[in-house]
Amino acid sequence: MEVRSPRVPATDPAGAGPRERRRRLAFFAVCLGNFIVMLDTNIVNLALPHIRASLEGSLAGLVWVANGYTLTVAALILNGGALADRLGNDRAYRWGALGFAVASLSCAVAPNLLALVVLRIVQGAFGALLLPSLLGLIPHL
């Protein structure tokens, strides 16, 4: 009589199957999305002196550059969650990430302080769509 040992799931990434690799990649994408949305505020706060010098902005304008994004995310995050429920979390994540990336690139080439403030508000709107969809994706991983 032959005794078989129970199959132990592979814990090492090289031995993981394709489904496990997709789950890990999806989890990495979720973590990366959250990291980027949170990191953006810190990057802009550190860059404020350079923004003031290059765009010749006033202190009030710099306050709006920093806080326009944060206020927009805070104001629209509940609406972003409702929209993610309607669109589906995966679709909302894709649209949020794409819009956030395009808005970030647009902020980098903003010609003046007013354009930068408007683009930061747009970026905050896409961040408000991205964050709740991230939380909705976690249980499916």
Could you list, in sequence order, all residues of the range 30-47 that are in contact (Cβ under 8 Å) with a residue 24 or more places away in the chain and either within 12 Å of residue 93 (Cα to Cα) or open to solvent by less than 70 Å² (accessible area, probe 1.4 Å) (or both)? 30, 33, 34, 37, 40, 41, 44
Yes or no: residue 103 among the small types (Gly, Ala, Ser) and at pLDDT 90 or above? yes
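The values are calculated or read from the model by the stated rules, or taken from the named source; none is laboratory data. These numbers come from a predicted model, not from an experiment. So basically every Cβ, Gly included, is an ideal-geometry build from the backbone, and we count neighbours across all protein chains shown. These accessible areas exclude ligands, DNA and RNA; they are computed on the full protein's heavy atoms, side chains included. Shrake-Rupley method; radii C 1.70, N 1.55, O 1.52, S 1.80 Å.
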